[in-house]
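No value in this document is a laboratory result; all are computed from the given coordinates. Computed from a predicted structure; not experimentally measured. So basically every Cβ, Gly included, is an ideal-geometry build from the backbone, and we count neighbours across all protein chains shown.
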Amino acid sequence: MKIYNTLSKQKEEFIPLEPGKVRMYVCGPTVYNLIHIGNARPMIVFDTVRRYMEHKGYEVNFVSNFTDVDDKIIKKAVEEGVDASVISERYIEECRKDMKAMNVKTATTHPRATEEICGMLEMIQTLMEKGYAYRAADGTVYFRTRKFKEYGKLSHKNLDDLQGGNRSLLVSGEEQKEDALDFVLWKPKKEGEPYWESPWCSGRPGWHIECSVMSKKYLGEEIDIHAGGEDLVFPHHENEIAQSEAANGRTFARYWMHNAFLNIDNRKMSKSAGNFFTVRDISEKYDLQILRFFMLSAHYRSPLNFSGELMEAAKSGYERIVTGVSNLNFLLKNAPSATAGGEEDALAAELDGFSAKFDAAMDDDFNTADAISVIFELVKFANTHAGEGSSAAFLEALKKKIVELSDICGLLVEKEEELLDGEIETLIGERQAARKAKDFARADEIRDELLHKGIVLEDTREGVKWKRA
Ligand code: AMP
Ligand code: ZN
């Protein structure tokens, strides 16, 4: 499996630190608003990386944080006259809903910055002791960037070019730092803001320190993969490397993966530019599986332009797969159980070839665009060779392969079949009969089965009522 590593600017063979295990950290969103579909790109992309690794048999420890203390969160809290935690709590919940609807798996751990302050204080203390950090007169603690000799190795920037070329490094309020390249580890509190006590001043952490600390706590000092959008390469990830490697004295992450931007009219989609659609906006018009399909139809390192036309194309692409599966389901209803013999066996034997081709695309730095083409070829193969005389075993094999490959991409292509009203009534009748016969286990089983299919039962005095959840 080859992964393009931003650090070496090359595709490298993936060799995990520990055989069979992957330790992976993905920088998560700052929670002050509904996420937009630009934020959704890394979520979908790295969830697919995770799923593919799991398919290959790796046990993946996947950590992704929520940044829940930040200027933008505080600003919103002030506007609404509530505590910052009310804002972050609300948008973490909303973000989880969006992730679920996009079929993004829950991380092994989703740490939050505000719950990891202790670890941050410890790491900052270590950096102070090692001379990599200092306290300015106003209580701010800075990282002494020039002392970390490898600074710039991820973004391939040279310290002197940075100094000369990047005037924005001279931030107002940070006049007391020794060098324009130094960045904040801890800053003093301001009136009305959340703060924590520390040996340097009451205050709150800078942004970068949280990821260094959470990655270490949940994955260890050295990890396999660290990932995020390409805007994070500099300064965020460069600063994370400096903090972690200076504090721990060893490599922080071996492979650095970055997704390219989701653009709109060839400009990065962002909250600040105002050119964004939230995931929620899209969900009003499309099943979010289609958004997922759209994201994966391009390679993650290629910029992707969002447009209504491309979403329509994604819709028909996704529906091609879904229709392929429902055709098979339809044929399965009356399929003969006896195999049709030689010809079917030969065709079934071709199915592994699709997996091999799919894996080859994914092994090449997760080329989901090519992997999806393989799914299309497979659907075409199924449409060509499945018919009324096909055996159940052959149809099942075709369906299983389409579902398996789609599932690695996180695409749900088989919808739960909706129960008809009559079928629901019959099951409710059966449940009543089971209760009468004091077979409560069976009665509960029926209730659960219905619930699983989205039907909620309510026992009332007038009898059992039901509704679709
Ligand atoms: P933020 O909430 O801005 O810290 O972003 C959360 C994640 O979304 C980071 O990995 C960003 O790099 C990523 N991201 C933000 N905007 C875009 C975009 N337009 N395209 C792709 N990734 C983005
Ligand atoms: Zn981060």
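Quick notes
- Calculated FRET efficiency for the pair Y195/S355, C-beta based, R₀ 60 Å, to 0.05: 0.65
- DSSP beta bridge pairing in the chain, given as percent antiparallel to the nearest 5: 50 percent
- Less than 5 angstrom separates the built amide H of K11 from those of N5, all sequence-distant by 5 or more or on a different chain.
- C-alpha long axis of helix 208-219 to longest principal axis of the chain, angle in °: 50 degrees
- Between C118 and N334, full extension at 0.36 nm per residue minus the direct alpha carbon distance yields a gain of 71.5 nm.
- Across all Cα pairs in the chain, the calculated P(r) in 20 Å bins from zero up to the longest distance comes to 20, 47, 26, 7, 0 percent per bin.
- Neighbour counts of C-beta atoms inside 10 Å place C27, C201, C118 in the sequence C118, C201, C27, starting with the fewest.
- Scaled against 2.2 N^0.38 Å for its residue count N, the alpha carbon radius of gyration of segment 100-156 is 1.64.
- Across segment 345-356, coupling constants 3J(HN,Hα) worked out from phi with the 6.51/-1.76/1.60 Karplus curve, θ = phi - 60°, read 4, 5, 5, 4, 5, 6, 4, 4, x, 5, 4, 4 Hz, and Gly and Pro carry x.
- Restricted to Cα atoms, segment 406-469 shows a radius of gyration and a Dmax of 14.4, 47 angstrom.
- Close amide-amide hydrogen proximity is noted between N305 and N263, each under 5 Å apart and 5 or more residues distant or on a separate chain (H modeled in the peptide plane; Pro and chain starts excluded).
- For trypsin sites (Lys or Arg not before Pro), the sites in segment 425-469 that DSSP calls loop and that have at most 14 other Cβ atoms within 10 Å are K438, R461.
- Values of log10 I(q)/I(0), in the order q = 0.21 Å⁻¹, for segment 343-469 under a Debye, Cα-only, solvent-free model: -1.07
- Per-residue ³J(HN,Hα) for segment 130-135, Karplus 6.51 cos²θ - 1.76 cosθ + 1.60, θ = phi - 60°, Hz, x for Gly and Pro: 8, x, 8, 9, 8, 9
- For the peptides 152-159, 375-382, residues were scored by their other Cβ atoms within 10 Å and the scores averaged per peptide; the highest-first order is 375-382, 152-159.
- Once the Cα atoms are used to define both axes, helix 392-408 deviates from the longest principal axis of the chain by about 10 degrees.
- Near-label residues of segment 184-214 by backbone N, under 14 Å of a point 7 Å along Cα→Cβ of Q176: 184-190, 199-204
- Computed E for S302/E129 - FRET, C-beta separation, R0 45 angstrom, nearest 0.05: 0.55
- Summing charges over neighbours of E309, with a neighbour being any other residue whose Cβ is under 14 Å away from its Cβ, gives 0 when K and R count +1 and D and E count -1.
- Acute angle (nearest 10 degrees) that the helix 440-452 long axis makes with the longest principal axis of the chain, alpha-carbon atoms: 60 degrees
- The orientation-averaged shadow of the Cα convex hull for segment 169-287, equal to a quarter of the hull surface, comes to 11.3 nm².
- Of the GluC sites (Glu not before Pro) found in segment 395-469, those that fall in a DSSP loop while having at most 14 other beta-carbon atoms within 10 Å are E416, E417, E418, E462.
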